[in-house]
1. For region 117-131, enumerate the residues that are in contact with a strand residue (DSSP E or B) (Cβ under 6 Å, 6 or more places away or on another chain) and surrounded by 11 or more Cβ atoms within 10 Å (Cβ to Cβ).
2. State which residue is farthest from the chain's Cα centre (by Cα) when the search covers only region 1-24 and only residues that are polar (S, T, N, Q) and modelled with pLDDT of 80 or more.
3. Restricting to region 59-74, count the residues that are surrounded by 14 or more Cβ atoms within 10 Å (Cβ to Cβ) and in contact with a Cys (Cβ under 9 Å, 6 or more places away or on another chain).
4. Can you name the residue in region 76-98 that is under 11 Å from the mean Cα position of the chain (by Cα) and modelled with pLDDT of 85 or more and is also surrounded by the fewest Cβ atoms within 10 Å (Cβ to Cβ) among such residues?
Amino acid sequence: MRHQDTLDWMLNEALEQLRRADRAQRQLVRIEPSRTLPCWEPLIDIVANPDQLCIVVALPGVALEQLEVALEDSALRVRAERPFGGGLEEGEILRMEIPYGPFERRIPLPYGLYRLAQMQLENGCLRLKLERLT
C-alpha cells in the first residue's frame, strides 16, 4: 500500500468515526418538554433615567400569560418557559441555537425602591417600566 493510500484510508476511517459519533449523539439527545430547573437566561437591555428604569427582555415565542415577573429585594425576576418547536416541523435537528425550556433571569436593580408601572409583550420582547419611589 502506498503512503498516500494509507493516509486516504486513515482519513476516511476518521471521518466515518465522526459520522458514527454524530449519529449516536443525535440518538441520545432528546428534547425534554419540561424541566423544573431554569436552563437559560434571556438577553436584556436596561436604560435608566431619574424617574424610571426601562427594561427590555428578549423572549421570542413566550406568551404573556406564561410570564412570572416579580420585584424581590433589590432585583427583578423574570421566569417562564419557552416551549420547544415554535413553528418547527418534525425532523432531524441540524442546528439548534435558540434556547428552549424553562428560564429565569434575575436582574439586579440600582439602589432604591421601585414599582412595576408597565408590562407589555410586543414582537418577542417584554418591555417593563419600573417607577422609582422616593
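The values are calculated or read from the model by the stated rules, or taken from the named source; none is laboratory data. Here the structure is a predicted model, which is why all the values come from computation and not from measurement. All Cβ positions, even for glycine, are placed from backbone atoms using ideal geometry, and neighbour counts span all protein chains on display.
1. First, pick out the residues of region 117-131 that are in contact with a strand residue (DSSP E or B) (Cβ under 6 Å, 6 or more places away or on another chain): 117-120, 125-131.
Across region 117-131, the qualifying residues are ALA117, GLN118, MET119, CYS125, LEU126, ARG127, LEU128, LYS129, LEU130, GLU131.
2. Within region 1-24, the first condition is being polar (S, T, N, Q), and the residues that meet it are 4, 6, 12, 17.
Next, only the ones that are modelled with pLDDT of 80 or more stay: 6, 12, 17.
Numbers: THR6: 46, ASN12: 37, GLN17: 32 Å.
Filtering region 1-24 for residues that are polar (S, T, N, Q) and modelled with pLDDT of 80 or more, the one farthest from the chain's Cα centre (by Cα) comes out as THR6.
3. First pass over region 59-74, keeping only residues surrounded by 14 or more Cβ atoms within 10 Å (Cβ to Cβ): 59, 61-62, 66-67, 69, 71.
The next check asks that each one be in contact with a Cys (Cβ under 9 Å, 6 or more places away or on another chain); those that pass are 59.
So the count comes out to 1.
4. GLU81
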